[in-house]
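Student: Please see the structure below; I have some questions.
The values are calculated or read from the model by the stated rules, or taken from the named source; none is laboratory data. Please read these numbers as outputs of a predicted model, since none were measured by experiment. Methodologically, a virtual Cβ is constructed for each residue, glycine included, from the backbone with ideal geometry; neighbour enumeration extends over all protein chains shown.
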Amino acid sequence: MINNVWVLDSGASHHMTSIYSQLDEVQDFSIPLRITVPTGDVVLVHKKGTIKLNENIKLYDVLFIPEFRYNLISIHKITNELNCVVTYSVDECVIQDQTRKRMIGFSRLHDGVYIFTQQVDGYSLAASSGDITALWHARMGHPSDL
């Protein structure tokens, strides 16, 4: 696993990482949390923290699981924490802020999983369209028809 590779997981109940150095605001659980990871194993979690993925996305209550091989973004948690919508297509996934109606994150399908991209190819997050419809319209080859 590469340290900055994050997988969007619609079945995950929590954000998870195995890389302690990525965590900020680390807290210990007074009683370890029992979590079943995607492999089916049950692990005890002793720590959690926050992780800033980019200027628009900060993950809260990220579980630190040293024996886990992946970094997971829980779709359930991110949509609640950031008031955003996650939209999947055949090979991409867009995370859109509901308040400002702008793209804050992007993922590409790779080997059957959506891998989060810190920067959007060809579209910087800061300069992304104010309207996700306009962005997708431009991607479909109609940039001047708006």
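Student: Within region 40-60, restricting attention to residues that are part of a loop (DSSP other than H, G, I, E, B) and among the charged types (D, E, K, R), which residue is farthest from Leu8 (Cα to Cα)?
Tutor: Asp41
Student: Further question: Identify, by number, the condition in (1) at positive phi; (2) at pLDDT below 95 that Glu25 doesn't meet.
Tutor: (2)
Student: How about region 6-39: which of its residues are small (Gly, Ala, Ser) and either assigned to a strand (DSSP E or B) or more than 19 Å from Thr117 (Cα to Cα) (or both)?
Tutor: Gly11, Ser13, Ser21, Ser30
Student: Next question, about the same structure. If a residue must be closer than 17 Å to Gly112 by Cα and either touching a helix residue (DSSP H, G or I) at 6+ places or on another chain (Cβ under 8 Å) or not in a strand (DSSP E or B) (or both), how many such residues does region 66-85 contain?
Tutor: 4
Student: Sticking with this one: Can you say whether Leu63 is crowded, with 19+ Cβ neighbours inside 10 Å, within 12 Å of the chain's Cα centre (by Cα), outside any loop (DSSP other than H, G, I, E, B) and not small (Gly, Ala, Ser), as far as the supplied structure shows?
Tutor: Judged against the criteria, Leu63 is not a match.
Student: Could I ask something else about it? Being crowded, with 16+ Cβ neighbours inside 10 Å and either among the small types (Gly, Ala, Ser) or without any contact (Cβ under 8 Å) to a residue 12 or more places away in the chain (or both) is the requirement here; does Gly49 meet it?
Tutor: Answer is yes for this residue.
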